[in-house]
Amino acid sequence: MARREFPQFEAVSAMVPVDGGGYNAAIAVKALAGGAPRFHKVLDGQVFKGAVAADEAATAELQRLQGVSEEGELVW
């Protein structure tokens, strides 16, 4: 799991289980002030067999991330 901090938000690499097996790579965004994270799937259409592979892919995407908007959306 990788983490980056942006103004007002933190972004963390994550994985989301897929119905039928496998995982999607995701980036979870949470306000620094607290609250529940919001998961954004990345690498649409790619399903990874294992959670570690999905998290590694999400970590690579997290490094490309330019920021997080005031609404909590990913900025590429």
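Just so you know, all these numbers are worked out from the coordinates, no wet-lab data involved. Treat the numbers as computed from the prediction; the structure is a model and nothing was measured. Glycine also receives a Cβ, built like all others from the backbone with ideal geometry; neighbour counts cover every protein chain displayed.
Compared with the dominant principal axis of the Cα atoms in the chain, helix 51-64 is inclined by about 40°. At the listed q of 0.13 Å⁻¹, the Debye profile of the stretch 3-70, built from one uniform point per Cα, gives log10 I(q)/I(0) equal to -0.34. Once backbone amide H atoms are built at 1.01 Å from N, Val42 has Ala25, Ala26, Ile27 as its partners under 5 Å, excluding neighbours fewer than 5 places away on the same chain.
List the trypsin sites (Lys or Arg not before Pro) within the stretch 18-54 that DSSP assigns to loop and that have no more than 11 neighbouring Cβ atoms inside 10 Å. Spell out each step's value before the answer.
Values: sites: Lys30, Arg38, Lys41, Lys49; in loops: Lys49.
The qualifying sites are Lys49.
In order along the stretch 16-29, the Karplus-derived 3J(HN,Hα) couplings, from 6.51 cos²θ - 1.76 cosθ + 1.60 at θ = phi - 60°, round to 10, x, 9, 4, x, x, x, 9, 9, 6, 8, 10, 9, 10 Hz, and Gly and Pro are given as x.
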